[in-house]
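S.K.: Would you mind keeping the following structure in view while I ask a few things?
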């Protein structure tokens, strides 16, 4: 069974690769990207699509960095609090736990 799943996973990866490869081969036309102040860039269409995709990934990751830092800082703070006095951390957690029907303290309403 594991061998079959491994084979299916690799077949899916191969299908995705060949689909993207065919997309790149079908979009080799020269395009001109016009920037500000008369600047322009002439290259193949697939490179423009790849550059836009990479820029989107970078902007998305940079947009998430402040939240990652905040959550990491909160996790480190809670870890240091629990290592200082584990008994107080357990009683504090049980005091602040909301009842099953209450969603007042939950940011997502769950």
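Just so you know, all these numbers are worked out from the coordinates, no wet-lab data involved. Because the structure is a prediction, the values reported are computed rather than measured. Cβ placement follows ideal geometry from the backbone for every residue including glycine, while neighbour counts extend to all protein chains displayed.
S.K.: Neighbour counts of other C-beta atoms within 10 Å: give me 64, 1 arranged from fewest to most. Intermediate results must be reported in sequence, preceding the final value.
M.R.: Numbers: 64 10, 1 5.
In increasing order of surrounding Cβ atoms, one gets 1, 64.
S.K.: Could you give the length gained on full extension between residue 3 and residue 45, defined as 0.36 nm per residue of separation minus the Cα-Cα distance, in nm? The partial results should precede the final answer.
M.R.: On the way: separation 42, 0.36 × 42 = 15.12 nm, distance 3.91 nm.
This chain segment gains 11.2 nm when fully extended.
S.K.: Within a 10 angstrom radius of the beta carbon, how do 33, 65 rank from fewest other beta carbons to most? Write down the numbers at each step before the final one.
M.R.: On the way: 33 14, 65 9.
Least to most surrounded, the residues fall as 65, 33.
S.K.: May I ask for the Rg/Rh ratio of region 23-82, computed from Cα atoms with Rh as the Kirkwood radius, given to two decimals? Don't skip to the answer; put the middle values down first.
M.R.: Working: Rg = 20.2 Å, Rh = 14.9 Å.
Looking at region 23-82, the ratio lands at 1.36.
S.K.: Remind me, relative contact order of region 23-82 in percent, using alpha carbon pairs under 8 angstrom and six or more residues apart?
M.R.: Details: 27 pairs, mean separation 12.7, N = 60.
With pairs under 8 Å counted, the relative contact order is 21 percent.
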